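The values are calculated or read from the model by the stated rules, or taken from the named source; none is laboratory data. Note that the coordinates shown come from a computational prediction; the quantities given were computed from them, not determined experimentally. For neighbour counting, all protein chains shown are included, and Cβ atoms are generated from backbone atoms with ideal geometry for every residue, glycine included. The protein model used for the area step is the full one, side chains on, heavy atoms only, and it has no ligands, DNA or RNA in it. Shrake-Rupley method; radii C 1.70, N 1.55, O 1.52, S 1.80 Å.
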Amino acid sequence: MKIAAKLQLLVLGNALVFGGVAGLNTVLLAPVREMKAEVEILDEVQRASANLQIHTGLLLTSPFALQRAPFLEAADGYRKALSNLDTVRAIPRQNPGLEGAFAAFKTLAGFAVEPILQIQILRDRVATLSEKAFLDPSFASARRLRNLPALEREKLTMAFEALNDLETAISDLSNLYPALTRSSEEHRADIQAEIPRIEASVFAGTAALAVVLFIGAMLVSFLITRRIGQSLGSVESSFRQLGSGDFEAKLEVKGSDEFGSLEISFGRLVEQLQALVGLVDSQRRAVQTILDASDQGFFSFGADLTIDPEHSAGCITLFGPHFRQKPVDQLLISDPDQQKEFHQGVALVFSGQANPEVVFSFLESEVAIGNRILSLSWKHLVEGKILCTVSDLTLVKRLESLAAKDEAEKHILINAVTGRRLLPRFYAEADTILATLTFADASLLTSAHLKPLLQSLHTLKGDAGVFGFEMTRKAIHEIEGLIDEALSRPTGRVAFSLLAQILGKAFRTEQQVVSSVLGSSWAVEADTIPVEEKTLRSLIGWFSGRLVAADPGLRKLRSLLMVNLSQMLAHLPRLSYQVAGSMGKQILPWSATGADFSVDPRSWDSLIRVLPHLITNMVDHGIESPDQRESIGKDKRGRIHLEVTRSVTGIVLTLADDGGGISWTEVEAKARERGLVGEEEVSQVVREEWLWSGQLSTRESVSEYSGRGVGLSAVRAEVLRRGGTIALATKPGQGTTFAISLPRGARP
Amino acid sequence: MKPTALVVDDSPVMRMRLTEILSRRCQGIHEASSVEEALMSYDQHRPDLVTMDISMRGENGMGGLWEILQRDPEASVVMVSALGQRKIVFDCLAMGAKDFIVKPFDTERVLASVDRILALRGSGA
């Protein structure tokens, strides 16, 4: 091929590559755009949470003087911002570390939702009582209280309790804020740090791709330049010889290019040559510029392992200015044996004895040079060259380790929040063991003393795992190993102070993570001693055999096992919101009323476990879609209500919704379709029996939550087992009410 | 006609897996569980392609490679090994092995290797 034609091809190739790179950038930078959108969403969450914090604070200082609307608005804004978080997808694709951090953030942010709901509910409850009573300080004074009728007094007490709960919920929420803010800010910082990196790596990626496309072009231009250089050299020397009168001079020119046929005048030839060299040089500079623009290093080497002078500027940054002084094996590898193997491998490539890809799969792909971690990739070029592409992984690795640390801290925080109740015990046990180790002397080395220590160490290790105290867990593991090792030696000596140091350092560091975010009072448990339920029950059992049932001491002990029924029912509203949410329906905030009394959780557990069937049934079959509700003039949010009534004969649980009610015509049609009944008339009792027995579903399809009718029969079975009854009343368009009556002293 | 092959590996599972992959390109695939068996089978069938496990119980696949190349310098032998045996792999390639495939087998990678070697054979190279 003629040189001019080669150059034209080269120019064309470059133009194509440039065009391709521009297009590629648009595609590859798409994740960055998504991440920027995510930062905006995070900002929104943070703004919303700050706003909510202000209103929560106001609520705390003056719960009743404040209008409810601003707090509710702030809460809604927060929940809305949270729901936007679900649309974020950029991070998970980019970096697994960040994905974890993001998930942690979302979980933490979600924690605030429950206290908010509780506050709303409690506000509603308190509002139903006389607000005036609370606003008038003298009203609540002891004298006036005593003068109030019993019913009013009870109401007031309940209101005070509600107020207490409200304050607890608000302070819980306030406690969450620092963690939330910190987590959000960190996450935001993570992302913002990530964006330039991704942009850089996208650029480097496209540059690398461009370079791969360029390799051919670069090589061709490289070779042409070299050949032209050689040709020029010989032409020049021929000129010189001609000038000095040596007409015997022959032009030694390799190849069959224009130089091969020198039938044109010397003057024109020189001009043409200069133009060609100029063109080739500018091509070379263009290639060099592209190579230098990326942070990556590119260099090539031949069979003698010396590095060619054509390399990218990135090599200087990565290896230093004099890197070409060493052969490639010594530059990259320090171990002489490995150097030998490297040499053997590339020799197989250069000799054509082996498939280069096979050899390359065995060559070093990651090396540490100085304090950098470099990734290497290999490519066989024609003309006996191997191209090495070098990227700096140091930053990536550092970011990865930072992300891992962050992840670990988030894990600790989440566990400290969710497991707050058990945290003080964990801390206390760690402190006890630390003190034991610190003040231990040789006498501890007898197996009688050591065994309990090893046991409590082992328990502590488990606790550390539960709380995500990974460093502590590893430290304990190490300590156990050291003790075991010391015991295995005849003159076993354990440096207890060293063990205390190992454990102390890890534990204090991780403890610091908790206190720096949640405050040092997070794990403080004032004046409480944890007693296992089992212990308490056996204690009660022991007393029961010796004291009369009415003994005040025994009753006091029993009351320790009791929990407030409303607490046991507290998850039901959440369940209804969740089910409704999944069906695109809405439910007004609600909570059980009349359940504010103590019960033995054991005796209520099985009944409460079947209540969700009723709730999901109501949401699924009863409550209409928001559009439907609006079209018939109802609030678009459905209403559910659970009321507990106590009387001398027993307890009644009334669960009601304001949905569409049960259509008996539909029920009957379905039953006939199923062949449960022929053409004859049926009584209401029979119709209801179809529902209770779970023989039909009035819906066309079975939904995720209900529709098989199994739920209702499970509820009835449980109620009957307790010697109770269950009844349902329904009004088309107005809703359905279930009433569960349990006799007094019913079997648990 | 489809090319023939010989699979040499002391693990029946590995032989089965390789035979299964090779059957997409080859027919008349014989198996051998030792170098000795492999040499007998090679003399008998003269397969177009041999896969040879590098480390078999008590013996080295490199010896098998050498023996086969003694019989037929043009033999197409692909070495099979787990990763991390760079020195041996390079030695085998230097001795005259045509390629190397790594355990566990990636079907595409094995077939690519087979295709490349059979193409070389076909072109008389």
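Among A:457-466, A:548-557, how do they line up from the highest to the lowest mean number of other beta-carbon atoms within 10 Å? Don't skip to the end; give the middle numbers.
Numbers: A:457-466: 17.2, A:548-557: 10.6.
Taking the mean over residues of other Cβ atoms within 10 Å, the ranking is A:457-466, A:548-557.
Using a 1.4 Å probe on protein heavy atoms only, how many Å² of accessible area do B and A hide from each other, summed over both chains and rounded to 100? Working shown, then result.
Numbers: alone 6480 and 39760 Å², together 45000 Å².
For chain B against chain A, roughly 1200 Å² becomes buried.
Considering only DSSP beta bridges whose two residues both sit in the stretch A:570-720, what percent are antiparallel, to the nearest 5?
On the way: 7 of 9 bridges.
Percentage antiparallel, nearest 5: 80.
Taking each residue of B:110-121 in turn, how many C-beta atoms of other protein chains fall within 10 Å of its C-beta, and what is the average?
Details: counts 0, 0, 2, 3, 0, 0, 2, 1, 0, 0, 1, 0.
Mean inter-chain Cβ contacts per residue within 10 Å come to 1.
Over the heavy atoms of residue A:329, what accessible area does a 1.4 Å probe trace out, to the nearest 10 Å²?
Solvent-accessible area, nearest 10 Å²: 20 Å².
Starting from the amide H of residue A:381, placed 1.01 Å from N in the peptide plane, find each other amide H under 5 Å away whose residue is 5 or more places distant or on another chain.
Under 5 Å from the amide H of residue A:381 lie the amide H atoms of A:386, A:387, each far enough along the sequence or on another chain.
Normalized C-alpha radius of gyration of the stretch A:530-685, against 2.2 N^0.38 Å? Present the calculation step by step, with values, prior to reporting the outcome.
Working: Rg = 21.8 Å, N = 156, 2.2 N^0.38 = 15.0 Å.
For the stretch A:530-685, the normalised Cα radius of gyration is 1.45.
Sort B:46, A:372, A:602 by accessible area with a 1.4 Å probe, largest first.
Listed by decreasing accessible area, they come as A:602, B:46, A:372.
Report, as an integer, the average count of C-beta atoms from other chains found within 10 Å of each Cβ along A:339-347. Mind dumping the intermediate values first?
Details: counts 0, 2, 5, 2, 1, 7, 6, 1, 2.
Neighbouring Cβ atoms belonging to other protein chains average 3 per residue here.
If we restrict to alpha carbons, what Rg and Dmax does the stretch B:1-51 come to, in Å?
Rg and Dmax of the stretch B:1-51, Cα atoms, are 10.0, 29 Å.
Suppose the chain between residue A:643 and residue A:402 were pulled fully straight at 0.36 nm per residue; how much longer would it get relative to their current alpha carbon spacing? Mind dumping the intermediate values first?
Details: separation 241, 0.36 × 241 = 86.76 nm, distance 5.19 nm.
Stretched out fully, the residue A:643 to residue A:402 stretch lengthens by 81.6 nm.
Between residue A:602 and residue A:683, 0.36 nm times their residue separation minus their Cα-Cα distance comes to what? Each step should come with its number before you reach the end.
Working: separation 81, 0.36 × 81 = 29.16 nm, distance 3.87 nm.
Between residue A:602 and residue A:683, full extension yields 25.3 nm more.
Take every DSSP beta bridge with both residues inside chain B and express the antiparallel ones as a percent of the total, to the nearest 5. Could you put the intermediate results ahead of the total?
On the way: 2 of 18 bridges.
In chain B, DSSP labels about 10 percent of beta bridges as antiparallel.
Listed highest first by mean packing, meaning other Cβ atoms within 10 Å per residue, what order do A:671-683, B:33-45, B:104-116 come in? Please list the in-between numbers first.
Values: A:671-683: 10.9, B:33-45: 16.8, B:104-116: 14.9.
Answer by packing, highest mean first, reads B:33-45, B:104-116, A:671-683.
Provide the solvent-accessible area of residue A:83, counting protein heavy atoms only and rolling a 1.4 Å probe, rounded to the nearest 10 Å².
Spelled out: residue A:83, probe radius 1.4 Å, area about 60 Å².
Which value, in Å² rounded to 10, gives the accessible area of residue A:379 with a 1.4 Å probe and all protein chains present?
80
Whole number in Å², please: accessible area per residue of the stretch B:26-125, 1.4 Å probe, ligands, DNA and RNA not counted.
Per-residue accessible area for the stretch B:26-125 comes out at 45 Å².
Considering every residue in A:349-362, what mean count of other chain Cβ atoms within 10 Å of its Cβ is obtained? Kindly include the intermediate steps, with their values, before the conclusion.
On the way: counts 1, 0, 2, 0, 7, 10, 9, 0, 6, 12, 5, 0, 6, 10.
So the per-residue partner count for this stretch is 5.
Take A:311, A:380 and sort them by solvent-accessible surface of the protein heavy atoms, 1.4 Å probe, largest at the top.
Working: A:311 35, A:380 75 Å².
Largest accessible area first, the list is A:380, A:311.
What order do A:542, A:590 take when sorted by accessible area (1.4 Å probe), most exposed first?
On the way: A:542 130, A:590 15 Å².
The residues order as A:542, A:590, largest area first.
Quick check for you: with a 1.4 Å probe and neighbouring chains kept, what is the accessible area per residue of the stretch A:462-603, in Å²? Write out the running numbers ahead of the final one.
On the way: 7980 Å² over 142 residues.
The answer is 56 Å² per residue.
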